[in-house]
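Working notes, structure below.
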Amino acid sequence: MKIKNCLFIAAAALTLMSCGGKGRQGMPNFGDNEFAVSTIGTQSTGLETTYPATIKGVQDVDVRPKISGFITKVLVHEGQTVSAGQVMFLIDSETYQAAVRQATAALNTARSQANTARLTFENNKKLFEKNIIGQYELSASQNSYATAQAGVAQAQAALASARETLAWCTVKAPAAGVVGSLPFKVGTLVSASNALTTVSNISTMEVFFSLSESEILNMSKSAGSASAVIAEMPTVKLQLADGTIYNHPGKVVKMSGVIDASTGSYSLIAHFPNPEKLLKSGGAGQIIIPQEANHAIVIPQEATSQVQDKVFVYLVGKDNKVKYSEIKINPENDGNTFIVTEGLHAGDRIVTKGITKLSDGMEIKPITEAQYMKKIEDAEKLGAAQGNAGDFAKAMGGK
């Protein structure tokens, strides 16, 4: 009895396999001309256009000494936040202190000479009033006094200059911000040609990117002016170097007034707040500008074929014959769909699945995508059943 049952099951399995063999390797028998067809409609969709960008602080200031000398102290470290006027470097000041002392001595000498000249002039005025000396002597003493006063003023200016030069030995932060790299260490001889570091104000970041001349012209025609283009720019996003999106939106605030002759583009600047100090001056990223497209024709990418830089679809005519037709698409896409700009209209029918089996002028039997997917699902179930039956038959044969 047990042997009879086994033989019955094996026969059933063989029967199932023979029935399934009518299909192609478990695939459903669609018919040679059954293809999924969809009617084109319009919809509103959002686009995101990306542009390479560079990041800079809203104020990047080079810190340079005004004098030559050896660095004696470095009072800051890289990445430190400093305030305007904070001392950053000290430069050897011995020579400049000596110059101040010399200028101070010269001023004291000039003042003494001026006092002597003043006394002489005042004495000569009394003698002149008594007719003891003449006008010449009085005028000569007056001129000597004036010259001495000018000498005092000159000595005072020299002292002020020496003190200012001495003050330059203390290099202070020209603005508030974050300290950049420190290439020069204590003991290095530096001069005004050396940038000791950079102080970047990174509370707000400027992100630089470019738009082509044609893009700006199209925007200007619709907006009316370049300033209106800036005003109508949507809020933009920033994609960081690691691919993540910066969590604060930005606003385009500036556009260059001239076209870069080498690139044929306009330079634009967007401002991004930087409260967490995540953005650093000198960084790179991608500016993302959102665009809203109304009444757009959107088709799946799997419904298209590409030959070099051209894109094609199979249009289905009233006689159900397909035509291999070129279309134009927006270069920006989400990886799954294309927005068609030319070549298709609402109401057109296209083949959306299985286009690799088509040829131009071929007559097809349109089915819906749901029917197409149902046949795929049935084929997978049938293939699984055949596989199980085959395994069972092999097992029985082994016994």
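Heavy-atom accessible area with a 1.4 Å probe sorts Thr337, Thr54, Thr39, largest first, into Thr39, Thr54, Thr337. What is the angle, in °, between the Cα long axis of helix 135-167 and the longest principal axis of the Cα atoms in the chain? Nearest 10 is fine, range 0 to 90. So the inclination is approximately 30 degrees. With Cα atoms defining each centre, the stretch 246-271 and the stretch 294-322 are spaced 36 Å apart in the structure. Taking all protein chains together and rolling a 1.4 Å probe, Val298 ends up with roughly 40 Å² accessible. By the rule of a C-alpha distance below 20 Å, with chain neighbours fewer than 8 residues away ignored, the aspartates and glutamates paired with Lys185 are Asp62, Glu78, Asp92, Glu94.
Calculate, for Thr170 and Ile259, the FRET efficiency according to 1/(1 + (r/R0)^6) with r their C-beta to C-beta distance and R0 45 Å; round to the nearest 0.05.
That gives a FRET efficiency of 0.50.
Close Lys pairs in the stretch 251-349 (alpha-carbon distance under 27 Å; sequence gap of 8 or more, or different chains): 9. Here the extension length gained between Ser112 and Ala98 equals 2.9 nm, from 0.36 nm per residue of separation less the Cα-Cα distance. With the convex hull of its Cα atoms as the shape, the stretch 215-321 has an orientation-averaged projected area of 11.5 nm². Expressed as a whole percent, the accessible area of the stretch 70-125 that falls on carbon and sulfur atoms is 52 (1.4 Å probe).
Scale the Cα Rg of the stretch 35-167 by the rule-of-thumb value 2.2 N^0.38 Å and send over the ratio, two decimals. The partial results should precede the final answer.
Working: Rg = 34.9 Å, N = 133, 2.2 N^0.38 = 14.1 Å.
With N residues counted in the stretch 35-167, Rg over 2.2 N^0.38 Å equals 2.47.
The values are calculated or read from the model by the stated rules, or taken from the named source; none is laboratory data. Note that the structure is a prediction, hence the values are computed from the model and not measured. We place every Cβ from the backbone using ideal geometry, glycine too, and count neighbours over all the protein chains shown. Remember, those area values only see protein heavy atoms, side chains included, never the ligands or the DNA or RNA. Shrake-Rupley method; radii C 1.70, N 1.55, O 1.52, S 1.80 Å.
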